[in-house]
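A short write-up of the structure that comes next.
The values are calculated or read from the model by the stated rules, or taken from the named source; none is laboratory data. Worth saying up front: this structure is predicted, and the values here are computed from it rather than measured. Cβ coordinates were reconstructed from backbone atoms using ideal geometry, including for glycine residues, and neighbour counts include every protein chain displayed.
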Amino acid sequence: MSTTPRNCAHLIVATVMAGTIGLASGATMAAQTITGAGATFPYPIYAKWAEAYKAKTGVSMNYQSIGSGGGIKQIKGKTVDFGASDKPLKVEDLSAAGLMQFPMVMGGVVPVINVTGVKAGDLKLSGAVLADIYLGKIKTWNDPAIAKLNAGLKLPADKISVVHRADGSGTTYIFTHYLSKVSAEFKSKIGNNTSVSWPAGVGGKGNEGVASYVQRLKGSIGYVEYAYALQNKMAYAQMQNKQGNFVRPDSNSFQAAAAGADWTGTPGFNLMLTDQPGAKSWPITGATFILVYKQQAKPEVAKELLKFFDWAYHHGDKMADELHYVAMPGSVVALVESTWKKEIKDAAGKPVWTDSMIQK
């Protein structure tokens, strides 16, 4: 069976519906299901963590990869135990909804292409050129602006087919956050959000949908989380970073972008990692976030949920690296878990999380 993210999603949902995924953490606790929904950006690593955690503990998770906008909507509607979003919510939005958020893992958004004769990493793009492609100003692959960055690379005269997300998307939020930083015209005409009005192109649902369109459309360009590019064996572009260097996407360049991040001084963990300094930094790097209620009506479910994420923090690094995600630094994990202890409480005001629950 294929292990593409699309097929993985079908597999996870099928097993949940068949009744083989549910929470069973021992005879003392009734069978339950931890449910979550949201960002497609982290789906590959969440699925891998869930499989490994179930094998170790018997505890399992049903995660719907529906996009960040859907995840925010579902957690606010209280139809899931947690939401997931690549767009961090503002402190005032969190307070109004009674939510807290924390970063779970970091990764990179990459331009993926389907250009005749061009292999993965052959093509070089700058932020300004990428913005002009998505503005509809650069229309063919042999445009002088692209050719100038790619001396010696044979570029066809094919028309560029732009692919973007059709749904509310944290991947789009990270992508447009970057393009709005490097192009004043992009910022004024399109802007930064989970869903924007694109001037051209076709929309795919989820990272899966964008990847599928790019694979099918000759001359196309899209943007996906790097794990989707890897698992679908897609050609990707190098990007010119803030220092002027062309870099390839991988865990090292994502880690370089995240190296200087100051999470301790950021209220609500609301931090973006696009266009960071550093010779090796990938410019379209971002974190993905978990959203949970501060007051938990089902504290036993909340405990199991936090234990899963705690396990992923302490034991999921290797799996994250295999999929070219970047694990959160230990200092950030300690800060997150201390925030759980302070903010996540049961109806009586008692903390759901204690330090003794940390799985070293």
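The residue list 143, 86 contains one member that is assigned by TED's automatic domain parsing to the domain that holds residue 311, of a type in the set (Asp, Glu) and either touching a Lys or Arg at 6+ places or on another chain (Cβ under 7 Å) or buried (at least 16 other Cβ atoms within 10 Å of the Cβ) (or both), which is 86.
For region 174-193, name all the residues that are of a type outside the set (Lys, Arg) and in contact with a strand residue (DSSP E or B) (Cβ under 8 Å, 6 or more places away or on another chain). The answer is 174, 175, 177, 178. For the condition among the hydrophobic types (A, V, I, L, M, F, W, C), buried (at least 18 other Cβ atoms within 10 Å of the Cβ), touching a residue at least 12 places away in the same chain (Cβ under 8 Å) and in a strand (DSSP E or B), residue 102 qualifies. Residue-level analysis places residue 130 outside the set of residues that are buried (at least 21 other Cβ atoms within 10 Å of the Cβ), assigned by TED's automatic domain parsing to the domain that holds residue 207 and more than 23 Å from the chain's Cα centre (by Cα). For region 49-101, a residue qualifies if it is closer than 19 Å to residue 286 by Cβ and among the charged types (D, E, K, R), and the qualifying residues are 86, 87, 90, 93.
Across region 286-303, a minimum of one residue is classified as at pLDDT 95 or above, outside any helix (DSSP H, G or I) and in contact with a His (Cβ under 9 Å, 6 or more places away or on another chain). Every listed requirement among (1) over 27 Å from residue 55 (Cβ atoms); (2) among the acidic types (Asp, Glu); (3) touching a Ser or Thr at 6+ places or on another chain (Cβ under 6 Å) is met by residue 321 save one, (1). Within region 328-339, can one find any residue that is under 21 Å from the mean Cα position of the chain (by Cα), in a strand (DSSP E or B) and under 22 Å from residue 225 (Cβ atoms)? Within region 328-339, not a single residue is under 21 Å from the mean Cα position of the chain (by Cα), in a strand (DSSP E or B) and under 22 Å from residue 225 (Cβ atoms).
Yes or no: residue 360 touching a helix residue (DSSP H, G or I) at 6+ places or on another chain (Cβ under 8 Å), buried (at least 16 other Cβ atoms within 10 Å of the Cβ), basic (Lys, Arg) and closer than 27 Å to residue 258 by Cα? For residue 360, the condition - touching a helix residue (DSSP H, G or I) at 6+ places or on another chain (Cβ under 8 Å), buried (at least 16 other Cβ atoms within 10 Å of the Cβ), basic (Lys, Arg) and closer than 27 Å to residue 258 by Cα - is not met.
Pull up region 306-321, narrow it to residues that are in contact (Cβ under 8 Å) with a residue 24 or more places away in the chain and of a type in the set (D, E, K, R), then point me to the one that is surrounded by the fewest Cβ atoms within 10 Å (Cβ to Cβ). If we take residues in region 306-321 being in contact (Cβ under 8 Å) with a residue 24 or more places away in the chain and of a type in the set (D, E, K, R), then 321 is surrounded by the fewest Cβ atoms within 10 Å (Cβ to Cβ).
To keep it simple, each residue is scored yes or no on (1) among the hydrophobic types (A, V, I, L, M, F, W, C); (2) modelled with pLDDT under 95; (3) closer than 25 Å to residue 167 by Cβ; (4) not in a loop (DSSP other than H, G, I, E, B).
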residue	(1), (2), (3), (4)
63	no, no, yes, yes
69	no, yes, yes, yes
73	no, no, yes, yes
109	yes, no, yes, yes
112	yes, no, yes, yes
120	yes, no, no, no
145	yes, no, no, yes
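Restricting attention to region 292-303, the residues that are crowded, with 22+ Cβ neighbours inside 10 Å and not small (Gly, Ala, Ser) total 1. Whether any residue in region 238-247 is closer than 30 Å to residue 336 by Cβ and in contact (Cβ under 8 Å) with a residue 60 or more places away in the chain is what I want to check. Within region 238-247, one or more residues are closer than 30 Å to residue 336 by Cβ and in contact (Cβ under 8 Å) with a residue 60 or more places away in the chain.
Taken as a whole, the condition of being part of a loop (DSSP other than H, G, I, E, B) and basic (Lys, Arg) does not apply to residue 342.
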